[in-house]
């Protein structure tokens, strides 16, 4: 340690040949150094964590603190020994349910000092070390933070309880769906069951999107729901024949509307087609990404190149309308 001190001082001399040692505590160690760094953090300079402004507060401090023992009074959070840190590891392992309480408390206690990693680590270890008498610890050593920690922890427990209750309720709905859906093949009963679940639990099918629910519900039901939505299906009385008729009528209306936008024999760049379809899809609430090749559903097309502003662009010539089956 003595050689290390000489080496560091010789480096400082190269930067500032007039440097002087004003005070020194011979038996101090790295933990004392960390305590001092944290104690005077408000006087740090922009040059780093170990550089401080020249200030009478620092000079006065070392006038009255000349031994290792005298430095302990500025240690607001104890530094744990190896044996104590082993207890910390055991406490964390055996009290996983209190992880949120400790994390919440650390965030509140170190508020404003969260970038000081050493201090944050010291607080976290100390709380875990005293976890068996946690609330007494707050009373005795962190009284200014106890009320806020207690309030926030109660809110956190309520949130977790509500989430647990909701998950239990959702699980009950999941079990009901699995039990009821395959009772028979009655389309109306099955579709009404799905719509009723969505009405009562709007997020159910989103939460269970990648669960076995999707395997239970036939793809035809899923397609109808994706195309029309639950409310439209409900308005159609859940009847498959009416659902199919409505989809066909909407498709025919869409087809006739799109074919009114383009003339047989005309030529369009792909960019022009996409712009026209973008506007049409937007006005008609069609959730589909417009592409020039969408026209192949309605027309026989011929790929061509068109000159626009002295540049050649890819496009299509519309040959004729396709026959509707």
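The values are calculated or read from the model by the stated rules, or taken from the named source; none is laboratory data. Keep in mind it's a predicted model, so treat the numbers as computed, not measured. Note that we place each Cβ from the backbone using ideal geometry, even for glycine, and neighbour counts take in every protein chain shown.
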Restricting to the stretch 241-258, count the residues that are surrounded by 17 or more Cβ atoms within 10 Å (Cβ to Cβ) and within 15 Å of residue 321 (Cα to Cα). 1
Options 127, 177, 137; residue that is free of Cβ contacts under 8 Å to residues at least 40 places away in the same chain, over 31 Å from the mean Cα position of the chain (by Cα) and not assigned by TED's automatic domain parsing to the domain that holds residue 44: 137
Can you work out which of the residues in the stretch 104-145 that are surrounded by fewer than 13 Cβ atoms within 10 Å (Cβ to Cβ) and modelled with pLDDT of 85 or more is nearest to residue 38 (Cα to Cα)? 139
Would you pick out the residues in the stretch 32-56 that are surrounded by 12 or more Cβ atoms within 10 Å (Cβ to Cβ) and part of a helix (DSSP H, G or I)? 32, 33, 34, 35, 36, 37, 38, 39, 41, 43
Can you tell me which residue among 224, 238 is surrounded by 15 or more Cβ atoms within 10 Å (Cβ to Cβ), outside any helix (DSSP H, G or I) and assigned by TED's automatic domain parsing to the domain that holds residue 188? 238
Residues within the stretch 273-325 that are loosely packed, with under 15 Cβ neighbours inside 10 Å, without any contact (Cβ under 8 Å) to a residue 24 or more places away in the chain and part of a helix (DSSP H, G or I), tallied: 7
Exactly one of these conditions fails for residue 209: (1) within 38 Å of the chain's Cα centre (by Cα); (2) modelled with pLDDT of 85 or more. Give me its number. (2)
